[in-house]
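J.: Once you've had a glance at the structure underneath, I'll fire off some questions.
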Amino acid sequence: MSRPHQSATRNRLLKALAAHEFDRLAPHLEAVSIGMRQQLITPGAPISHAYFIEDGLCSLIADSAEGRIEVGLVGCEGFVGAPLMLGADRTPHLAMIQAEGTALRIAALELEAALDASRALRGVLGRYVQSLIVQVGQTVYANADYNVEARLARWILMTHDRLRTDELPMTHESMAMMLGVRRPGVTSATHILEAAGMIKGKRGRVIVLDREKLMELAGDTYGPAEAEYERLLAEAQGCG
C-alpha cells in the first residue's frame with residue numbers, strides 16, 4: 001500500500017494537522033473508493049474504520065421503522081467515525097454514501113491508539129466533532145421551523161460546499177429521504193426553486209444556478225454551522 005502524502009490530500013482535517021501528526025497517521029491510512037449507497041457504518045455494529053473523505057459525500061442517517069432522515073452530512077471537511085472520538089465503538093446512526101468518491105480510511109484501533117498518543121490530534125478531530133454537533137443542531141432547527149423549500153435549499157448548499165461542483169447528484173428519492181418528507185413534497189419544492197431560477201433539475205442531478213438566492217431562502221438554517229467549522233478549523237491549525 002502506497003503511503004499518502006499530506007500535500008496531496010484533499011481532506012481538510014488531514015491538511016490541518018501538523019506534519020508530524022499526519023506522519024503518525026500516514027502508515028495506517030488506506031486509499032479506498034466509496035460507492036453510492038455504500039454503508040460505511042451500520043447501526044449497532046462495531047465501527048471497524050474511520051473514513052477521511054477526499055471526494056464524495058456521506059450522510060449520517062437516523063434509521064427507524066417509520067423511515068429515514070438525515071441528521072448530518074460529511075464530505076472533504078470531515079471524517080466518518082466521530083463516535084470513536086468519544087470513546088464509543090458503535091452508533092444507532094447509519095453512515096451511507098450519497099455521492100461516490102474516494103476516502104482515506106484507518107482502522108478504528110489504529111485511530112484510537114493515535115488519539116491516545118497525541119493530544120494535538122485529539123484536539124483537531126475533537127473540534128471537528130464539535131462542529132458536527134452544531135450542524136446536527138441546525139438540522140433540528142431547520143426541520144422544526146422551516147418549510148420544505150428552505151430545508152431543500154440548505155441541503156443543496158451543504159452538498160455544494162462539499163462536492164465543489166455546480167452539478168450535484170441528487171434524485172427526488174434521495175432528497176425525500178434526507179429531508180424526511182414524501183416524494184411529492186420534494187417534487188413541489190424542486191419546482192419552486194427551479195421557477196425562482198435557483199436551480200435546474202436534470203435526471204438524477206441538480207444544477208446550482210444562483211447560490212445567493214439559495215442562501216436567502218435557507219435563511220438562518222445555513223451559515224452558523226459553517227462559520228463554526230471555519231472558526232474551529234482555524235483553532236485546530238494552531239494545535240500541536
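The values are calculated or read from the model by the stated rules, or taken from the named source; none is laboratory data. In this text, all values refer to a predicted model and were calculated from it rather than measured experimentally. Note that each Cβ is placed from the backbone with ideal geometry, even for glycine, and that neighbours are counted across all protein chains shown. What goes into the accessible areas is simple: the full protein's heavy atoms, side chains included, and nothing from ligands, DNA or RNA. Shrake-Rupley method; radii C 1.70, N 1.55, O 1.52, S 1.80 Å.
J.: Just one of the numbered conditions (1) at pLDDT below 95; (2) open to solvent by less than 20 Å² (accessible area, probe 1.4 Å); (3) part of a strand (DSSP E or B) is not true of E21; which one?
T.: Just one mismatch for E21, condition (3).
J.: Mind listing just one residue for me: the one in region 216-240 that is open to solvent by 70 Å² or more (accessible area, probe 1.4 Å) and not in a loop (DSSP other than H, G, I, E, B) and, of those, modelled with the lowest pLDDT?
T.: It comes out as E235.
J.: Another question, if that's okay. So which residues in region 51-75 are in a loop (DSSP other than H, G, I, E, B) and open to solvent by 10 Å² or more (accessible area, probe 1.4 Å), if there are any at all?
T.: Hits for region 51-75 are A65, E66.
J.: For region 120-147, which residues satisfy the criterion of being within 20 Å of S59 (Cβ to Cβ), buried (at least 20 other Cβ atoms within 10 Å of the Cβ) and over 16 Å from the mean Cα position of the chain (by Cα)?
T.: A142
J.: Could you list, in sequence order, all residues of region 162-171 that are of a type outside the set (S, T, Y) and surrounded by fewer than 17 Cβ atoms within 10 Å (Cβ to Cβ)?
T.: Answer for region 162-171, where residues must be of a type outside the set (S, T, Y) and surrounded by fewer than 17 Cβ atoms within 10 Å (Cβ to Cβ): R164, D166, E167.
J.: Does V80 meet the test of being touching a Ser or Thr at 6+ places or on another chain (Cβ under 8 Å) and among the hydrophobic types (A, V, I, L, M, F, W, C)?
T.: No, not satisfied.
J.: Name the helices (runs of 4 or more DSSP H) wholly within region 78-150 that hold at least 1 residues that are within 30 Å of A189 (Cβ to Cβ)?
T.: 82-85, 119-145
J.: So, in region 172-192, how many residues would count as being among the small types (G, A, S), in contact (Cβ under 8 Å) with a residue 12 or more places away in the chain and either within 19 Å of R68 (Cα to Cα) or crowded, with 17+ Cβ neighbours inside 10 Å (or both)?
T.: 4
J.: Quick one: would you say V80 is within 26 Å of Y222 (Cα to Cα), touching a strand residue (DSSP E or B) at 6+ places or on another chain (Cβ under 8 Å) and modelled with pLDDT under 95?
T.: no
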